[in-house]
Amino acid sequence: GAVVSQHPSWVICKSGTSVKIECRSLDFQATTMFWYRQFPKQSLMLMATSNEGSKATYEQGVEKDKFLINHASLTLSTLTVTSAHPEDSSFYICSALAGSYEQYFGPGTRLTVT
Amino acid sequence: GQSLEQPSEVTAVEGAIVQINCTYQTSGFYGLSWYQQHDGGAPTFLSYNGLDGLEETGRFSSFLSRSDSYGYLLLQELQMKDSASYFCAVNYGQNFVFGPGTRLSVLP
């Protein structure tokens with residue numbers, strides 16, 4: 001199956017700093033990528049849909065100025081958490097859409113803000 | 001709005017058959033997907049029902065009935081490695097909504 005990588009796998013940062021997370025589709029081109037947030041033992045919460053070459057579409061309640069998404073190529077989307085705070089600590093997962101319905105997920109990034 | 005419901009936990013023994021239901025209160029979606037997620041891992045795609053009926057993929061089968069507003073994932077010949085969380089999801093084009101997930105525990 002298709003492979004999606006995510007980097008870093010975990011990161012610890014201080015409150016007020018910014019963190020960039022990369023999501024790459026390694027063996028296929030993805031026009032559409034998604035960014036999710038997942039709390040322990042809970043479901044995937046869609047944050048935004050990232051389309052190559054256009055602005056991301058954010059879900060209601062997600063601050064677009066805080067969670068900057070860039071999808072500059074068909075294989076790379078980045079999520080930057082700006083001015084991170086402890087409440088932003090979470091597991092962030094990206095996925096790439098292959099075809100019309102099959103999503104391939106990255107391994108996730110665990111962010112801890114101290 | 002969009003709302004999907006799943007049982008929070010299911011327990012079964014090795015070799016058994018288990019059905020995980022997904023009921024929804026939404027309409028107009030394109031299809032119903034199922035994903036498996038092991039603790040600490042990434043979700044992996046299992047199956048998709050674009051049409052009503054049964055889709056079979058090895059030990060796993062998925063079913064959708066739009067008229068009854070539900071679907072299910074059927075796991076046969078359960079193995080210990082099937083212990084994981086299972087999520088259903090509906091999609092409206094490229095918009096996906098995930099259910100709350102069902103944690104399956106397979107006992108020896």
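Here, each number is a calculation from the coordinates, and none is a lab measurement. Just so it is clear, the structure is predicted and the values come from calculations on it, not from any experiment. So basically every Cβ, Gly included, is an ideal-geometry build from the backbone, and we count neighbours across all protein chains shown.
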Flag for B:LEU51 being exposed (fewer than 12 other Cβ atoms within 10 Å of the Cβ) and of a type in the set (A, V, I, L, M, F, W, C): yes
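With A:SER43, A:SER50, A:SER9, A:SER95 as the choices, which residue is in contact (Cβ under 8 Å) with a residue 40 or more places away in the chain and under 28 Å from B:GLY50 (Cα atoms)?
Working: A:SER43 fails: in contact (Cβ under 8 Å) with a residue 40 or more places away in the chain; A:SER50 fails: in contact (Cβ under 8 Å) with a residue 40 or more places away in the chain; A:SER9 fails: under 28 Å from B:GLY50 (Cα atoms).
One residue alone meets the criteria, A:SER95.
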Of all residues in the range A:84-114 being among the polar types (S, T, N, Q) and in a strand (DSSP E or B), the one that is farthest from the chain's Cα centre (by Cα): A:THR112
Checklist (1) crowded, with 16+ Cβ neighbours inside 10 Å; (2) under 25 Å from A:PRO107 (Cα atoms) applied to B:LEU64, failing item: (2)
Selection from the range A:14-51 of residues that are over 9 Å from the mean Cα position of the chain (by Cα), assigned to a strand (DSSP E or B) and hydrophobic (A, V, I, L, M, F, W, C): A:VAL19, A:LEU44, A:MET45, A:LEU46
Strands (runs of 3 or more DSSP E) lying entirely in the range B:53-108 (those with 1 or more residues that are within 12 Å of another protein chain (Cβ to nearest Cβ) and within 23 Å of B:GLY41 (Cα to Cα)): B:84-92, B:95-98, B:102-107
Unmet requirement for A:SER77, which otherwise passes all of (1) out of contact with any Phe, Trp or Tyr (no Cβ under 9 Å at 6 or more places or on another chain); (2) farther than 17 Å from B:PRO43 by Cα; (3) surrounded by 18 or more Cβ atoms within 10 Å (Cβ to Cβ); (4) not aliphatic (A, V, I, L, M): (1)
Criterion (within 11 Å of chain A (Cβ to nearest Cβ) and touching a residue at least 24 places away in the same chain (Cβ under 8 Å)) met by exactly one of B:GLU5, B:GLU9, B:GLU14: B:GLU9
Selection within the range A:74-114 - within 14 Å of another protein chain (Cβ to nearest Cβ), charged (D, E, K, R) and within 16 Å of A:GLN38 (Cβ to Cβ): A:ARG110
Some residue of the range A:10-33 being over 16 Å from A:THR78 (Cα atoms) and crowded, with 18+ Cβ neighbours inside 10 Å: no
Hey, B:LEU32 under 26 Å from A:PHE91 (Cβ atoms) and either among the small types (Gly, Ala, Ser) or in a strand (DSSP E or B) (or both) or not: yes
Looking only at the range B:31-48, and only at residues there that are farther than 12 Å from A:GLU102 by Cα and crowded, with 16+ Cβ neighbours inside 10 Å, the one that is nearest to the chain's Cα centre (by Cα): B:GLN36
Residue selected from the range A:61-73 under the condition surrounded by fewer than 16 Cβ atoms within 10 Å (Cβ to Cβ) and assigned to a loop (DSSP other than H, G, I, E, B), by the criterion nearest to the other protein chains (Cβ to nearest Cβ): A:GLY61
